[in-house]
Number of protein chains: 2
Amino acid sequence: MLGKCCYFRGMNRKDLLQLIIKKQSLLCVGLDTDIDLIPKHLLKYEDPIFEFNKQIIDATIDTAVAYKPNLAFYESRGIEGWKSLEKTMQYLNQFKGKAFTIADAKRGDIGNTSKMYAKAFFEWMDFDSVTVAPYMGADSVKPFLEYKDKWVILLGLTSNAGSADFQFSETGEGKLYEKVIRKAQEWGTPDQLMFVIGATHPEQFVSIRNIAPEHFYLVPGVGAQGGDINQICQNGLNNHGGLLINSTRAIIYASKGEDFAEKARQCALDATQTMAPYVKSLTA
Amino acid sequence: MLGKCCYFRGMNRKDLLQLIIKKQSLLCVGLDTDIDLIPKHLLKYEDPIFEFNKQIIDATIDTAVAYKPNLAFYESRGIEGWKSLEKTMQYLNQFKGKAFTIADAKRGDIGNTSKMYAKAFFEWMDFDSVTVAPYMGADSVKPFLEYKDKWVILLGLTSNAGSADFQFSETGEGKLYEKVIRKAQEWGTPDQLMFVIGATHPEQFVSIRNIAPEHFYLVPGVGAQGGDINQICQNGLNNHGGLLINSTRAIIYASKGEDFAEKARQCALDATQTMAPYVKSLTA
């Protein structure tokens, strides 16, 4: 149990803002590490996935505010994959307070089951936060909110094409994603609850900010999926920062050669440079 | 990779009906195995969770049609938990064709990520089916549907109290759960797609059968959650059987003593006895 030996209290919203100001960055680096896409020279290592993650983290830790391993990429490799994730989290947790960690798991089940998922991510792995799916409602989300200084990042409006299927449904209390964002504020405060808002819907950020002005948003979908950092910052920034902008493929797979970490760093710096004028306006 | 060594083609809808008729049962046994709730005498085994599951399976295999480990209970125990699940699936896969297996995972993510989850459950673990959450729409579900003779069990109307928060939203195309059940039929056929319909909503089964007459429903929520087997069978059975009725706590925790497996068997037999008059009407 990784969590047991760590007494760091976790990051609150103020810590997160300070980190953003310190690094002048809103960048979250996605660690969707795929054995078929990483540079071939890493395959000689005992755990190529961990080695890749470690080098990506080392190359970007001064400019990335958050790291977000997507669980599916580890789960698909069985026990071996879980070991790579465990090692990655042990490594990331050495930077406790210097980088915010997100388990991109999109879990959610009936109460007693969600409690077990919360245990997995907050106790075993000691992540700062976990992404949660809203379909099953209050009792599927609340067990995650019971952990002090841990965060739930609830799916609001996702970045994928399929977001059009149900999330835009008119419910009589706004579109479904608006209803989710409103309703969830009855369950958790802006100090423990964030929302996933996809960068592919920049025009929605203004109205969503009206519904949830204080909350942080985790924003996937820039880079490979087409979202634009400038638009997101213009429409989504608040006084607390309020944005963690995720980039995965554009950074971690910037090069397939031995220079992958260096190239990842360059792409991360390019992204934060775009964010810098907006971050500049923030004060702790 | 467990799946690699197994060439059984998986179970189609006809196989499932034949199994139901052979066992005269619609029973699915939930394997939400919690180290704190299993009989103490099992703690002497190297892997108490697997030992518990194995004894439950041995005691119920002649009367249960399906087994449904809930992933959260394994995930919460870290690598050790995943090893218990792997062993449980290796054991269950010896009964290939004689019991239908369900990964109760409630996963769902953007396309390239759902693909990795599908790999985890269908290739690594070789489950027959996996539960999937609908919030993220088509591209989050379709990668699971690409496996021949494997099944997606999509959350429709769940059994928990939180189902009231979003699933009953009026969308202009019916309630959200009705829209989900209708829309998903554009993605998959009744030979590869089931729906989760909670036993705690017996009055909804009739109208849901109008929307999805041919599909199988996985029905959680009898026993501890209060659902009634008779009502479910009366309102939900179709010519193909069309129901897998799950019971977890009432069966696997029927006794905390050394007689737990025997008591589990008795409770499973009681449940199937209630189902028998309905199953009797089915023909292959």
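Each value in this text was obtained by applying a stated rule to the coordinates, not by laboratory testing. Remember, predicted model here, so these are calculated numbers, not experimental data. Quick reminder, even Gly has a Cβ in these numbers, built from the backbone with ideal geometry, and neighbours come from all protein chains shown.
Points to keep in mind about this one:
- Ascending list, in nanometres, of distances separating the residue A:259 label from those of the other copies (7 Å, Cα toward Cβ): 7.4
- In a DSSP loop and with at most 15 other Cβ atoms within 10 Å, the GluC sites (Glu not before Pro) in the range B:185-284 are B:186, B:214, B:258.
- Within the shell defined by Cβ-Cβ distances under 15 Å, the residues around residue B:235 carry a net charge of -1, with Lys and Arg each +1 and Asp and Glu each -1.
- Computed from label points 7 Å out along Cα-Cβ, the spacing between residue B:256 and residue B:79 is 3.2 nm.
- FRET efficiency estimate (nearest 0.05) - Cβ-Cβ, residue B:182 to residue A:62, R0 51 angstrom: 0.50
- Chymotrypsin sites (Phe, Trp or Tyr not before Pro) within the range B:44-79: DSSP coil, no more than 16 neighbouring Cβ in 10 Å: B:45
- For residue A:99, net neighbour charge (Lys/Arg +1, Asp/Glu -1) across residues whose Cβ lies under 14 Å away: +1
- Model label sites at residue B:161 and residue A:238, defined 7 Å from Cα along the beta-carbon direction, differ in position by 2.8 nm.
- Electrostatic bookkeeping for residue A:205 treats Lys and Arg as +1 and Asp and Glu as -1; over the other residues with beta carbon under 15 Å from its beta carbon, the sum is -2.
- With each label modelled as a point 7 angstrom along the Cα→C-beta vector, the residue A:35-residue A:270 pair spans 3.0 nm.
- The relative contact order of the range A:10-279, computed from alpha carbon pairs under 8 Å that lie at least 6 residues apart in sequence, is 23 percent.
- For residue A:97, the label point sits 7 Å beyond Cα toward Cβ; its separations from the matching points on the remaining copies run 6.1 nm, from shortest to longest.
- Its alpha carbons give the range A:55-176 an Rg and a Dmax of 15.8, 49 Å.
- Computed from backbone phi with θ = phi - 60° and the Karplus coefficients 6.51, -1.76 and 1.60, the 3J(HN,Hα) list for the range A:219-224 is 10, x, x, 7, x, 3 Hz; x is used for glycine and proline.
- The trypsin sites (Lys or Arg not before Pro) found in the range A:193-284 that occupy coil by DSSP, while having at most 11 further C-beta atoms within 10 Å, are A:280.
- Placing a label point 7 Å from the Cα of residue B:168 along the Cα-to-Cβ direction, the distances to the matching points in the other copies come to 2.8 nm, shortest first.
- Choice from B:56, B:35, B:245 with maximal GNM fluctuation in chain B (Cα, 10 Å cutoff): B:35
- Magnitude of the charge dipole, the range B:2-279, Cβ model with Lys/Arg +1 and Asp/Glu -1, debye to 20: 520
- Pairs beyond 20 Å (Cα-Cα), from A:119/A:148; A:87/A:263; A:54/A:98; A:115/B:115; B:115/B:148; B:14/B:142: A:87/A:263; A:115/B:115; B:14/B:142
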